[in-house]
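J.: So that we are looking at the same thing, I have put the structure below in structure tokens.
The values are calculated or read from the model by the stated rules, or taken from the named source; none is laboratory data. Because the structure is predicted, anything quoted here is derived from the model rather than measured. Cβ sites come from the backbone with ideal geometry, for glycine too, and all protein chains shown count toward neighbours.
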Amino acid sequence: MTRISVKVDGTAYEDEVEPRLLLIHYLRDRLGLTGTPIGCDTSNCGACTVDLDGESVKSCSVLAVQADGSEVTTVQGLATNGSRHPLQKAFHEQHGLQCGYCTPGMIMAARDLLAENPDPTPDEVRHALEGNLCRCTGYQNIVRAVLAAARQDTPARVPAQEAAL
């Protein structure tokens with residue numbers, strides 16, 4: 001067993017974990033944060049994407065011991081004071097989900113994109129999300145949702161970019 005200290009969604013935790021425990025299993029099974037789904041367990045689908053020290057990572061490909069001393073944000077940690085994050089609102093309003101299984105990973109990857117590029121083009125959104133698979137939506141509404149969330153922070157955004165969808 002290895003002792004880790006990690007901050008998850010703003011709360012500090014210290015735990016003894018097996019060195020082989022994946023971060024996704026630590027989040028779900030030890031901390032009860034089930035908003036991040038287990039998708040493929042092979043890092044192919046991106047459903048388990050979380051933020052680790054400012055970078056989006058697929059939590060099925062990171063060991064919990066690798067997160068020692070780090071800060072993790074899950075989709076559950078995005079809401080503040082009971083209000084959904086702009087990406088969460090946009091995915092709901094733009095119908096960027098159907099079954100919802102991929103949605104947490106899509107939102108976390110989109111959050112990473114918007115932190116680096118607050119005014120992306122539709123092609124830049126598609127490129128940023130290419131590591132996240134959706135089997136239901138066809139991606140159009142997901143792209144619209146990300147662009148809508150970006151507009152919330154940049155109201156002067158040119159609507160013509162959305163027409164390029």
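J.: Go through the residues of segment 81-94 one by one and say whether even a single one is out of contact with any Lys or Arg (no Cβ under 6 Å at 6 or more places or on another chain), in a loop (DSSP other than H, G, I, E, B) and charged (D, E, K, R).
T.: yes
J.: Could you tell me which of the residues Val50, Val57, Val65, Val75 is at pLDDT 95 or above, more than 27 Å from Glu130 (Cβ to Cβ) and out of contact with any Leu (no Cβ under 6 Å at 6 or more places or on another chain)?
T.: None of the others qualify; the one that does is Val65.
J.: To continue, here is another question. Kindly indicate whether any position in segment 17-28 is in contact (Cβ under 8 Å) with a residue 12 or more places away in the chain, assigned to a strand (DSSP E or B) and either within 10 Å of the chain's Cα centre (by Cα) or surrounded by fewer than 16 Cβ atoms within 10 Å (Cβ to Cβ) (or both).
T.: no
J.: Here is a check on your reading of the model: is Asp53 over 14 Å from the mean Cα position of the chain (by Cα), acidic (Asp, Glu) and surrounded by fewer than 20 Cβ atoms within 10 Å (Cβ to Cβ)?
T.: Criteria not met by Asp53.
J.: Okay, next question. Quick one: Asn44 ticks every box in (1) surrounded by 16 or more Cβ atoms within 10 Å (Cβ to Cβ); (2) closer than 15 Å to Gly131 by Cβ; (3) in contact (Cβ under 8 Å) with a residue 60 or more places away in the chain bar one, so which box is it?
T.: The one condition Asn44 does not meet is (1).
J.: Might you check whether a residue that is closer than 16 Å to Asp51 by Cα, of a type in the set (S, T, N, Q) and outside any loop (DSSP other than H, G, I, E, B) occurs anywhere in segment 100-120?
T.: yes
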